[in-house]
Amino acid sequence: MLSVENLSITFSMYDRGLAQKQLTVITDLALDVQAGEVMAIVGASGSGKSLLAHAILGILPDNAKVSGSIWFKGDLLTPQRSSQLRGKAIALIPQSIGYLDPLMQVGRQVQRTAQLSGLSASDAKAAVNRTFDRYGLAAAVQRLYPFQLSGGMARRVLVATAVVAQAELVIADEPTPGLHPDVVAETLSHLSQLASEGKGVILITHDIEAALQIADRVAVFYAGTTVEITPASDFYSGKIRHPYTQALWRALPQNDFIAVAGSQPSPDALPNGCLFSERCAGVTAECRSERPAFRQVRGAPVRCIHAAR
Amino acid sequence: MLLAKDLSFRYPRQDWILQNFNMEIAPGEVVGLLGPSGFGKTTLSKLLAGYLSPTAGDVRVNHAPLPRSGYCPVQLIFQNPELAVNPRWRIQQILAEKQMPEPSLLEALGIHSGWLNRYPHELSGGELQRVAVARVLNPATSYLIADEMTAMLDANTQALIWHRVLDYALVQNLGLLVISHEAALIQRLCNRVIDLVQVRASERWKGA
């Protein structure tokens, strides 16, 4: 359904006076999402997770230069095409109710989304009623303003805005942090329902545990590239391949709670070789000389020349 | 000893958020605080660190009330570091607000020297949270309240920051209150856990 190939994003910024510098924030990123699947994207903040979402939706700022290609259902996703598709075939579930209009009743906002996607006013009204009903939101909730919603209700309204437009690809950007476990579980179950209806779902999160609850596959991002795309079950069976993925798993409090020292390299000082080489325990001279390409190890792509065969 | 005695708080003309809450944390102790949203976890942390004044009851540090001005010995670290730093200060100035942390501490937290000259918006959330943590790990801090300190961070950064904080707490005999939704994290870190649901239930029982 969606396929991202060799995506790089470079920002040009003013450095000193009129001198410009180029910051490459996403390098050779690859990803694919199938219909009916939840693809989780995990990684630290600053690893390029949200930028990828912005690139798919075609909402990067003007000073961003994009190379590589994004394909949606067989067609190249140009900026023109993504502006036609966003909010319709491709929908975003944003992080918080900060993305809703604070001065508009939520029912009307969801209805507006439905109408913009091409439904007539009466069809849109019916779709809103159906969607609110589906997520257990009483009819009276439609007349509430965003600040009157509880955390759990707000999440359901945000999901409703994406669902009412019949999107085929749904991107959820950090839908869970700081929420009570019950609300997290509910939000995740809504996403996995969407996938079982045949939609493609991208779940962007820094929370591996949340991702593993519903994801079919997990793409691990580090410093703006995909280091590994693995079936979610490989985490539990100990088959994960990349040293960074293994480090993330070990660092969970219910596992070993051991951290790798240091921090992600900043975009203006990326190492020449493997992006994880500065922090990797198994680093060799070869790692430092060249960026590793994807190779298949135990049935999934990984960017590490040493990943155990 | 950090002591909350009969602590109560409400906003004017609204329901009580906390009522007759009692708690103590000894130096060197790591205490967890669990409870669903709306049970006053964040209100409690703001009361303990002096961001809010209690409606009734009081907070005492080593038998004295919290100072009205100057550096508070009880420091609070929030979930969102970007709201806790001055956006117009460079990282260098933010770190040195009380006193510049030792280079070894900066190194341990993975704070690059290249960050010092930048502004907060030029760091990612995980990077800025390391700065916020380094800023309060100084001898004037006796107690640290971590309110969802690592909820926005990836697992590796979370473990890294917590290890450094625990190391520091052990050496300096710092008392810690850990507020988190993540039961596994609380279990991993804490000697003792306060569950606000149980606290409320036992109060009802006493009141009946």
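Projected onto the charge dipole of region A:154-241 (+1 at Lys/Arg Cβ, -1 at Asp/Glu Cβ, origin at the Cα centre), which of A:Val184, A:Phe235, A:Ala160 gives the Cα projection farthest towards the positive end?
Among A:Val184, A:Phe235, A:Ala160, the one farthest towards the positive end of the dipole of region A:154-241 is A:Phe235.
Among residues other than A:Val220 whose Cβ falls under 12 Å from its Cβ, what is the net charge (Lys/Arg +1, Asp/Glu -1)?
Working: positive: A:Lys49, A:Arg217, A:Arg241, A:Arg303; negative: A:Glu228, A:Asp234, B:Asp154.
In short, +1.
Could you work out how far the C-alpha centroid of region A:227-251 sits from that of region A:52-131, in angstrom?
Spelled out, the Cα-based centre of one part sits 32 Å from the other.
Return the percentage of antiparallel bridges among DSSP beta bridges fully within region B:2-206, rounded to the nearest 5 %.
In region B:2-206, DSSP labels about 40 percent of beta bridges as antiparallel.
What are the extents of the Cα atoms of region A:97-142 along their three principal axes, listed from largest to smallest and rounded to whole Å?
Per principal axis, max minus min of the Cα coordinates gives 26, 22, 13 Å.
Please provide three numbers in whole Å: the alpha-carbon extents of region B:2-206 along the principal axes, with the largest listed first.
Cα spread of region B:2-206 along its principal axes, largest to smallest: 56, 37, 32 Å.
Evaluate the relative contact order of region A:1-90 (contact order divided by residue number), counting alpha-carbon pairs under 8 angstrom at least 6 apart; express in whole percent.
Numbers: 126 pairs, mean separation 33.3, N = 90.
It comes to 37 percent, rounded to a whole number.
Convex hull volume of the Cα atoms in the protein assembly as shown, per residue, in Å³? Let's see the in-between values first.
Working: hull volume 90.6 nm³, N = 517.
Looking at the protein assembly as shown, the number lands at 175 Å³ per residue.
Per residue, how big is the convex hull of region A:84-180 when only Cα atoms are used? Give it in Å³.
Numbers: hull volume 9.0 nm³, N = 97.
Cα convex hull per residue, to the nearest whole number: 93 Å³.
For the Cα atoms of chain A, what angle does the longest principal axis make with the long axis of helix A:181-196, in degrees from 0 to 90, nearest 10?
The helix A:181-196 is inclined about 90 degrees to chain A.
Would you kindly give the portion of the calculated P(r) for region A:1-145 that falls above 28 Å, as a percent of all Cα pairs? The partial results should precede the final answer.
Values: 3724 of 10440 pairs.
Of all Cα-Cα pairs in region A:1-145, 36 percent lie more than 28 Å apart.
Starting from the Cα gyration tensor of region B:116-191, take the square roots of the eigenvalues, sort them a ≥ b ≥ c, and report rounded, prolate or oblate (rounded when a/c is under 1.5, otherwise prolate if a/b is larger than b/c, else oblate).
On the way: a/c = 2.13, a/b = 1.22, b/c = 1.75.
Oblate, since a/c reaches 1.5 and b/c is not below a/b.
Amide H neighbours of A:Leu92 under 5 Å, at least 5 residues apart or on other chains, H built in the peptide plane: list them.
A:Gly87, A:Ile171
Hey, what did region A:151-220 get for relative contact order, percent, Cα under 8 Å, at least 6 apart? If you can, show how the numbers build up before the last one.
On the way: 59 pairs, mean separation 24.9, N = 70.
So the answer I get is 36 percent.
How much net charge surrounds B:Val74 when only the other residues with a Cβ under 15 Å from the Cβ of B:Val74 are counted, with Lys and Arg +1 and Asp and Glu -1? Mind showing how you got there, number by number?
On the way: positive: B:Lys5, B:Lys46, B:Arg60, B:Arg68, B:Lys98, B:Arg135; negative: B:Glu24, B:Glu29, B:Asp58, B:Asp147.
Surrounding charge for B:Val74 is +2.
Return the average number of partner chain Cβ atoms within 10 angstrom of each residue Cβ along peptide B:177-183. Before the final figure, lay out the partial values.
On the way: counts 0, 0, 0, 2, 8, 6, 3.
What the average comes to for B:177-183 is 3.
From the C-alpha coordinates alone, can you work out the Kirkwood hydrodynamic radius of region A:165-270, in Å? Spell out each step's value before the answer.
Working: mean 1/r = 0.0656 Å⁻¹.
Hydrodynamic radius (Kirkwood, Cα only) of region A:165-270 equals 15.2 Å.
Run lengths n ≥ 4 of DSSP H only: what is the helix-derived mean residue ellipticity at 222 nm for chain B, with -39500 (n - 2.57) per run over all residues, to the nearest 500?
Working: 7 runs with 68 residues, N = 208.
About -9500 deg cm²/dmol.
For A:Glu174, which sequence-distant residues (separation of 5 or more, or a different chain) have an amide H within less than 5 Å of its own amide H, given hydrogens modelled in the peptide plane?
Answer set, sorted by chain and number: A:Ile204, A:Thr205.
Looking at the protein assembly as shown only, what percent of DSSP beta bridges run antiparallel? Nearest 5 please. Before the final figure, lay out the partial values.
Working: 42 of 78 bridges.
Approximately 55 percent, going by the DSSP bridge assignments.
In terms of the ratio Rg/(2.2 N^0.38 Å) built on C-alpha atoms, what value belongs to region B:49-124?
1.37
Could I have the simple spin-label model distance between A:Arg108 and B:Lys98, label points 7 Å from Cα toward Cβ, reported in nm to one decimal?
Going by the 7 Å Cα→Cβ label model, 4.9 nm.
How much length is gained on full extension from A:Asn129 to A:Lys88, taking 0.36 nm per residue of separation minus their Cα-Cα distance? Please list the in-between numbers first.
On the way: separation 41, 0.36 × 41 = 14.76 nm, distance 1.84 nm.
Roughly 12.9 nm would be gained on extension.
Would you report the distance distribution of C-alpha pairs in chain A as whole percents per 10 angstrom bin, up to the bin with the largest distance?
The calculated distribution, bin by bin, is 6, 26, 32, 23, 11, 3, 0.
So, in nm, how far is label B:Arg90 from label A:Asp256 when the simple model puts each one 7 Å beyond its Cα toward the Cβ?
Between B:Arg90 and A:Asp256, the simple spin-label model gives 3.9 nm.
At a threshold of 8 angstrom on Cα-Cα distance, excluding pairs fewer than six apart, so keeping six or more, what relative contact order does chain A reach in percent? Display every interim value, and only then the final one.
On the way: 576 pairs, mean separation 65.6, N = 309.
Relative contact order of chain A: 21 percent.
How many nm is it between the label spots at B:Thr55 and B:Tyr71, if each spot is 7 Å from the Cα in line with the beta carbon?
About 3.4 nm, to one decimal.
Suppose the Debye formula is applied to equal point scatterers at every Cα of region A:113-242; what is log10 I(q)/I(0) at q = 0.16, 0.21 Å⁻¹?
-0.87, -1.28
Just so you know, all these numbers are worked out from the coordinates, no wet-lab data involved. Keep in mind the model is a prediction, meaning the values are calculated, not measured. Using ideal geometry, Cβ is built from the backbone for each residue, glycine included, and neighbour counts are taken over all protein chains shown.
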